Ligand SMILES: Nc1ncnc2c1ncn2[C@@H]1O[C@H](COP(=O)(O)OP(=O)(O)O)[C@@H](O)[C@H]1O
Ligand SMILES: [Mg+2]
């Protein structure tokens, strides 16, 4: 059974159809990247998978369970979302990462262990006591990732997590995602950086104007695209 199954998902905003019937299966333990030009509907699709936005029609199944308004809170407890711009609290890095565990009533000594592991993964142990609002953009995004990884979600959704970051920060984030994926977590990475998709994704989907026009394993996607528009997108020649 697919971890995430989308069937004919449609979404419009003020008469304009943003998602035009998306169907796809994402298997447990996959690292799939969704690429596409700005405005193609990537963020909307991710928010629908996350249960933040309901589709107008179609369905989303997580582990076979249909995502509804009623069960979204339960399903979302196993899902982690990292946004393009991290929203951190005016508190230490440690407290930012620990917060979700405190909400879940996790005992303090386990919180300490989990937070240290998560900070280690994104190489932020040395900054645990720093106020999160004093961090650089890259460090802040690493805190956001640690905050997600710390509660062990089995589905991690990321919306352009490394946009505008320098290569060192990008590398730390990509390594942390690869490691999470090796531990059989399902990772859905939205990015308009096709080089990133090529580096770490096992499968790539191209979203164009609200439709998935190509979905293939990474090697085939880049070397033997089936749709001519995929080749244009890869080459940076897709005028849209
Ligand atoms: N809440 C919203 N209300 C109205 N229009 C929206 C909303 N969210 C997204 N859109 C529109 O939907 C289209 C796709 O947006 P988005 O999903 O953010 O694309 P992407 O992430 O690929 O850039 C854009 O034209 C955007 O303006
Ligand atoms: Mg977006």
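Throughout, read-outs are computed from the coordinates displayed, never taken from laboratory work. This one's a predicted model, so the numbers in the text were calculated from it and none came from an experiment. Using ideal geometry, Cβ is built from the backbone for each residue, glycine included, and neighbour counts are taken over all protein chains shown.
Please verify whether segment 149-157 includes one or more residues that are touching a strand residue (DSSP E or B) at 6+ places or on another chain (Cβ under 6 Å) and within 16 Å of ligand 1 (Cβ to nearest atom). The answer is yes; a qualifying residue exists.
Residues that are on the phi > 0 side of the Ramachandran plot and surrounded by fewer than 17 Cβ atoms within 10 Å (Cβ to Cβ) number at least 3 in none of the helices (runs of 4 or more DSSP H) confined to segment 37-113.
Away from ligand 1 (no atom under 16 Å from the Cβ) and under 24 Å from residue 179 (Cα atoms), is that true of residue 63? Criteria met by residue 63.
The residue pairs whose first member lies in segment 37-63 and is free of Cβ contacts under 8 Å to residues at least 12 places away in the same chain and under 22 Å from residue 163 (Cα atoms), whose second member is more than 8 Å from ligand 2 (Cβ to nearest atom) and part of a loop (DSSP other than H, G, I, E, B), and whose beta carbons are closer than 7 Å, counting only pairs six or more residues apart or on different chains, are 47/53. Scan segment 199-214 and give yes if some residue there is part of a helix (DSSP H, G or I) and either within 16 Å of ligand 2 (Cβ to nearest atom) or touching a helix residue (DSSP H, G or I) at 6+ places or on another chain (Cβ under 7 Å) (or both), otherwise no. For segment 199-214, residues part of a helix (DSSP H, G or I) and either within 16 Å of ligand 2 (Cβ to nearest atom) or touching a helix residue (DSSP H, G or I) at 6+ places or on another chain (Cβ under 7 Å) (or both): present.
Residues in segment 3-18 that are part of a strand (DSSP E or B) and without any contact (Cβ under 8 Å) to a residue 40 or more places away in the chain: 2 in all.
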